[in-house]
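Asker: Okay, here's the structure, questions in a sec.
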Amino acid sequence: MQRTAPDPQREPEPGSGSPAGLPVLPELAARLAAAAGRTAPEPPGGGPPLRSAACGYWERRGLFTAADRVLAAPGTAALLLALYAAADGAVLLPRPCAEEYAPPAHLLGLPVHRAPVPAESGGVPDPFALLETVRRARLHGETPRVLVLSVADDPTGTCPPPEQLHEVCEAAAGEGLWVISDESRRDLLHDPHDTVLLSPAEILPAEVVVLSDLRAALVPASWPVALARFPATDRGAALRSATLAALTALHAPLAGPVACAVTHALGEPESVRARTATAARVHGALAAALHHTLTAAGALCRPPHSGSHLYADLDPLRRPLAARGITESAALERELAPWSARGGHRFGDDPGALRVRLGAEALLGAGTQLRQRVLDAPDPLA
């Protein structure tokens, strides 16, 4: 990919900040401003209007949902903390996986085990590796309770094939695990006609909690809001009740004005749908160009299908990188800091491996006006 724009400015510290996100939609900004006088926060778990809007959001994606099966929280970390506390057992994660999955378990003192993802895609562990991980955890006297999956994955930008997802879900059900399905980026498919995205809740309706961080595609990056959809079973109701109790104990409600604006966004008016579609198109074009550049240089990288990230393995370039003093992922992160790089060690990967997550956001430009120009351009690469 040929670059005609100046290189982005290096950040003060590797990983010290995240991209500013896309420009805020004027319609959502107006809703937030109109609710600015609201002084009361949302009740723990979200009020009825917000939860009802969430039901419509999921029903448009093929998942019928009742309002008493929904919880809202100020961000993924808070929701995962409450979910892990409610499940009260060891947590199983794919390797690599999103940065926010493990820290809530560590805070609660819960064991965390990781199973490697297969060659085809990230987001789900290899089913045989999952079963072996469960077996070893039980040998050490632990009780695995939760498996976290990502069907539109961060960090790899891939979507697992349906047959692969079926195998993992069957393995999890056979071991009595709750499955938390992170579907935050499901609306950011680069080619919806070429990528089949299946929710684990369609495979295991009684064992799956669907998680969605709305900042991924629906609301501005600075509005921390996440939703959870629980199974319509007695066991699902008990898990929701325990999760709500944990959220209540955290005393970290959603801000009232933000909840009003998010409720409007969950209704997906035309402007919101158009922004999501544009973001998917732009991220897809930039991520594909970045993937082409990396593989042409000799790196190994799964083709991205969703979101704005991809995950590159630069081990084939280890010798020339070592000549520059780059021998592990932290050094690789520092070298590639201008490109929103995050070393593989941040995603539970081997710190000695030369793996790194790169984001298309680094190609959008630093200012709001420039980012809006990229969104408006027929050819984002221009």
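Asker: Looking at the structure I just gave you, is Gly21 in a loop (DSSP other than H, G, I, E, B) and open to solvent by 40 Å² or more (accessible area, probe 1.4 Å)?
Answerer: Criteria not met by Gly21.
Asker: Taking only region 239-259 into account, find how many residues are open to solvent by 50 Å² or more (accessible area, probe 1.4 Å) and hydroxyl-bearing (Ser, Thr, Tyr).
Answerer: Of the residues in that region, 2 qualify.
Asker: Then there is this: It is to be established whether one or more residues within region 222-238 are assigned to a helix (DSSP H, G or I) and surrounded by 15 or more Cβ atoms within 10 Å (Cβ to Cβ).
Answerer: yes
Asker: OK, next. Given (1) in the same structural domain as Ala252 (by the TED database); (2) without any contact (Cβ under 8 Å) to a residue 40 or more places away in the chain; (3) not acidic (Asp, Glu), identify the lone condition not met by Ala30.
Answerer: Single failed check for Ala30: (1).
Asker: Looking only at region 146-173, count how many residues are out of contact with any Lys or Arg (no Cβ under 7 Å at 6 or more places or on another chain), over 11 Å from Glu207 (Cα atoms) and not aliphatic (A, V, I, L, M).
Answerer: 11
Asker: Let me ask something additional. Step by step: first the residues of region 303-325, then only those that are in a strand (DSSP E or B) and either touching a helix residue (DSSP H, G or I) at 6+ places or on another chain (Cβ under 8 Å) or at pLDDT below 95 (or both), then the one that is farthest from Glu361 (Cα to Cα). Which residue is that?
Answerer: Among those that are in a strand (DSSP E or B) and either touching a helix residue (DSSP H, G or I) at 6+ places or on another chain (Cβ under 8 Å) or at pLDDT below 95 (or both), it is Ala312.
Asker: Also, quick follow-up: Counting only residues that are touching a residue at least 60 places away in the same chain (Cβ under 8 Å) and assigned to a loop (DSSP other than H, G, I, E, B), which one in region 268-302 is surrounded by the fewest Cβ atoms within 10 Å (Cβ to Cβ)?
Answerer: Among them, the one singled out is Pro269.
Asker: Taking the conditions exactly as written (of a type outside the set (Phe, Trp, Tyr) and either in a strand (DSSP E or B) or at pLDDT below 95 (or both)), does Glu361 satisfy them or not?
Answerer: yes
Asker: Additional query: Which residue is modelled with the highest pLDDT, if the candidates are limited to region 42-98 and must be closer than 30 Å to Leu354 by Cβ and in a helix (DSSP H, G or I)?
Answerer: Result: Leu80.
Asker: Hey, among the residues in region 326-336 that are surrounded by 20 or more Cβ atoms within 10 Å (Cβ to Cβ) and either under 23 Å from the mean Cα position of the chain (by Cα) or part of a helix (DSSP H, G or I) (or both), which one's modelled with the lowest pLDDT?
Answerer: Restricting to residues being surrounded by 20 or more Cβ atoms within 10 Å (Cβ to Cβ) and either under 23 Å from the mean Cα position of the chain (by Cα) or part of a helix (DSSP H, G or I) (or both), the top hit is Leu336.
Asker: Only one of these is under 14 Å from Ser181 (Cβ atoms), assigned by the TED database to the domain that holds Ser150 and not small (Gly, Ala, Ser): Leu63, Leu108. Name it.
Answerer: Going through Leu63, Leu108 in turn, the sole match is Leu63.
Asker: Looking at region 80-92, which of its residues are out of contact with any Pro (no Cβ under 9 Å at 6 or more places or on another chain) and either buried (at least 18 other Cβ atoms within 10 Å of the Cβ) or not assigned by the TED database to the domain that holds Leu130 (or both)?
Answerer: Hits for region 80-92 are Ala86, Ala87.
Asker: Let me ask something additional. Collect the residues in region 348-373 that are surrounded by fewer than 24 Cβ atoms within 10 Å (Cβ to Cβ), touching a residue at least 40 places away in the same chain (Cβ under 8 Å) and under 24 Å from Ala105 (Cβ atoms), keeping them in residue-number order.
Answerer: Those that are surrounded by fewer than 24 Cβ atoms within 10 Å (Cβ to Cβ), touching a residue at least 40 places away in the same chain (Cβ under 8 Å) and under 24 Å from Ala105 (Cβ atoms): Gly348, Asp349, Ala353.
The values are calculated or read from the model by the stated rules, or taken from the named source; none is laboratory data. Since this is a predicted model, take the numbers as computed values, not measurements. Cβ coordinates were reconstructed from backbone atoms using ideal geometry, including for glycine residues, and neighbour counts include every protein chain displayed. Just the protein is used for accessible areas: all its heavy atoms, side chains included, with ligands, DNA and RNA removed. Shrake-Rupley method; radii C 1.70, N 1.55, O 1.52, S 1.80 Å.
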